Structure formats: C-alpha cells, structure tokens
Amino acid sequence: MNGKRALLIALTAWSGAAQAQTAEVVHWWTSKGESAAVQELAAGYRKAGGVWVDTAIAGGENARNTIINRIAGGKPPTIAQFNPTSQFKELMEENLLNDIDAVAVKQSWDKMLPVPLQRFAKSGGKYYAMPVGVHNPSWFWYSKEVLAKAGVNKEPASIDEFFAALDKIKKAGFVPLALGGQAWQEFMLFFTLLHTSGGADLYTRVFASTDGKVATSPEFKKVLSDFKRLKGYVDAGSPNRDWNLASAMLISNRAGFQVMGDWVKGEFNAANKVAGKDYGCFPGFGPKAPYLVEGDVFVFPRTKNAQAIKAQQLFALTSTSPEVQVAFNLKKGSLPIRTDVDLSKADLCTQIGMAAMREPGRLLQSPEQIVSPNKAAQMTDAITQFWNTNQSVDEAAKALAAALRG
Ligand code: GAL
C-alpha cells in the first residue's frame, strides 16, 4: 500500500470522527501572501472533516501576547502560532501545552524534520510544537527593473558593493532601500548586516555574549556604522510602514532593495511576479553567506477536552502531509519541513534556499533562538533608538553591551 493511499485511509478514518473537530487557530498572517498560504492549511484541515475557526491578529508580537494572555487567562485557543524560538519556552516549562507526540511518532518527525527545528519543538523528548515551514529572516530582494534602469548589473557581494548599488539607484531617482520603519524590522536589518557583513563568527559571539564586551569591539562598531549609513537610502515614508507595504514598493518597481525574511516571496507570488524575471533574491553577500533557519510552528494549548485534543491532532496530521506542505509553503515563501516532497517546479529563490539548507556549515540560529525574548527585546530597543535618533555609534555600542549583559 503506497504512502498516499495509507494517508488517505488514515485521514478518512480520522475524518469519520472529525465531524465535531472544531479548531480555533490564532496566527498573525494578515498580508496577501500570508492569507493565501494559511488558507491552504485551513483547506487541508476542512478536507479531513475539521471545522476551522480563523483568528488572525496583525503583527507577530501582538498575536503572541494575545495567545499568552489567553492561555494564562484560562481561555486558550485550540491551536496557536509561534516562531521556533524561546518564545513559548515558558509555556512548555509551565506545562501549559499539550504534547503532539501521538502524531509526531506516527509521522516519524525525528526523521522528517530539519534538525535545527527539532531543538525548539521538543522538550523532555516529546514534541510540543509542530513546525509548518522554514523561513530565513535575512534575505535581500530586489526589483530587476529598477536595478537595470539604475545600471546595477550584478548582485552585491559585499557591504561596499551594496552601498555602490544603493548610490546608483538613488541617482536614478528610485527609493534605494524599502524599509518598514518598525523596531522588529530595523533589528532584522541590523542582525542581517551583522552576520552577512560582520561575519558568522562575530554574529555568534555577539548573541552568546553575557558580558557585552564584544559590542565595544571595532568590528562590531563597523557594523553599527554601516547599519546607520543605510538610513540615507530609506524614504521619508518608512516610519511605521508594514513589511508587506515595503515589498509592494519593489513589486511596483518604485524601490530597488528590501532586506526581509523570505515571507516576502509570498507577496511576489500573490502579485503573480516571477523570481528571476521580475525580482531577484539572495540570502546574503556571496555564495557562502550564512543562512538563518527559523520559520513557523503551531503549539497546542493544554486542554483535557477530548474533541479539542482530536482537533489538535487532526491539524498536525493534515498540516504536515506532503500535499498540504507543498501547497502551503509555495504560497508562503517558506521551505517545507519535509525533505520527501517534490520541489523541482519551485521558484529560483526556493531552490537557492533548499541548496543552502544542504550546507550545514552555513546554517545559523536566529537571534531569538539564542537569547531570551526579553534580551532580544532589549537589543531591539537599543537598535531602534540608534536608528531613529542622532545617537553616536559609541553610545549605541554601550547600550547594546548593556542589553547583552541583561
Ligand atoms: C515571522 C513569521 C513569518 C511572517 C513574518 C512577518 O515571524 O515567521 O511567517 O509572518 O513574521 O509577519
């Protein structure tokens, strides 16, 4: 009996008992691309007989705070989104999540999931989170039309080449760098420069630091200085702009570059733009650039309600199935969590990401996989303060050193 048929039989068996499987799913996917993608998860769940109640909350931090407050307040959703980081560590440690091992063992997640993701999905040998897609928060995106008109005919392979390209785009009358002026996006721009220009070693030493000394080193201050220099290439409409509206500036060929996670691809997909034709992408400077492995998971707030538990398990079964994995991730712009799916028809950027994932030496953890949410928040505050004021590099370095000592 082949895998597909076995899965169909399993789903049918489940769907018979799945009539009452109502799941309230809380997530923060509200952009065009994100909405199109989450509908694929919902479709897979409904196809198996489940009833999907969609609670979308704009903004990752808002959604996570709502989820945590609802769990703490005794009114948890059935299923909730997090990133595979320390964000939900306390929920796990305080026994506020159900494990999903009934599905994980049946589906052999230990063999199926990328090892970097397993680490954040398991506690005490059991799975408490279900990865649904692999995202790298540090990609460079560009409008091919804008770069061609500006005479930029190669992808920058260093920070100096990046500045030279930005200068040409500015001279040609386009917005050189489309940025959403929100703290989390400014922090993402900073830590992307930290690893792709400062280097993987410096990046790792910074986030592992507990005495903060590395933040006052010349090489770290060089990254801070390069980061602030980028401000001269961002348009006045940047403050408080959502990330997908920055992506829209590339889609409409008004801006040259955006530095943002590969969820941007979901926006290009939703606008029917083609990778390699309408837009380009690279995950850092040069062919061996570091590659951050993060993404999205769903957790299963603790409940003793048998129907809710069945809904949690049906969701995990359908969302990790090969069909839903391909349908969801191709729309979301993330990489599937299964290596046994056919991605030969995937776009150029997905192919670049899949190739990077096959080079373990390039893989890095994201900041919130290394430091606590509180320390990440303190570092984000220090960076957004530096970006938005005339604070000096030395003062910013001191503020980051203090955050690292946190
Ligand atoms: C990330 C998440 C992505 C995307 C992005 C922007 O944390 O992993 O799926 O939603 O936020 O909202």
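The values are calculated or read from the model by the stated rules, or taken from the named source; none is laboratory data. Here the structure is a predicted model, which is why all the values come from computation and not from measurement. Methodologically, a virtual Cβ is constructed for each residue, glycine included, from the backbone with ideal geometry; neighbour enumeration extends over all protein chains shown.
Before moving on, here are some points about what is shown:
- Residue within segment 225-241 that is more than 16 Å from the ligand (Cβ to nearest atom), under 14 Å from Tyr142 (Cβ atoms), of a type outside the set (Val, Ile, Thr) and buried (at least 21 other Cβ atoms within 10 Å of the Cβ) present: yes
- Output for segment 228-280, where each listed residue is of a type in the set (Asp, Glu) and in contact with a Gly (Cβ under 8 Å, 6 or more places away or on another chain): Asp242, Asp262, Glu267
- Of all residues in segment 360-387, those satisfying the criterion of being free of Cβ contacts under 8 Å to residues at least 60 places away in the same chain and of a type in the set (S, T, N, Q) are Asn374, Gln378, Gln385.
- Helices (runs of 4 or more DSSP H) wholly inside segment 309-406 containing at least 3 residues that are surrounded by fewer than 21 Cβ atoms within 10 Å (Cβ to Cβ): 322-332, 348-357, 373-388, 393-405
- Hey, Val293 within 16 Å of the ligand (Cβ to nearest atom) and of a type in the set (Val, Ile, Thr) or not: yes
- Any hit, segment 116-127, residues being surrounded by fewer than 15 Cβ atoms within 10 Å (Cβ to Cβ) and within 15 Å of the ligand (Cβ to nearest atom): no
- The residue of segment 25-66 that is farthest from the ligand (Cβ to nearest atom), among those that are surrounded by fewer than 20 Cβ atoms within 10 Å (Cβ to Cβ) and in a strand (DSSP E or B), is Val51.
- Residue identified as within 16 Å of the ligand (Cβ to nearest atom) and surrounded by fewer than 20 Cβ atoms within 10 Å (Cβ to Cβ) among Ala148, Ala164, Ala183: Ala183
- Qualifying residues in segment 73-88 (those that are touching a residue at least 60 places away in the same chain (Cβ under 8 Å) and away from the ligand (no atom under 16 Å from the Cβ)) - the one nearest to Ile57 (Cα to Cα): Pro77
- Lys288 vs. criteria away from the ligand (no atom under 16 Å from the Cβ), within 15 Å of Pro176 (Cα to Cα), charged (D, E, K, R) and in contact (Cβ under 8 Å) with a residue 40 or more places away in the chain: no
- Yes/no for Thr192 being more than 25 Å from the chain's Cα centre (by Cα) and of a type in the set (S, T, N, Q): no
- All positions within segment 296-308 that are within 16 Å of the ligand (Cβ to nearest atom) and either in a loop (DSSP other than H, G, I, E, B) or over 30 Å from Ser252 (Cβ atoms) (or both): Val297, Phe298, Val299
- No other residue among Ala18, Ala48, Ala42, Ala58 is touching a strand residue (DSSP E or B) at 6+ places or on another chain (Cβ under 9 Å) and at pLDDT 95 or above apart from Ala42.
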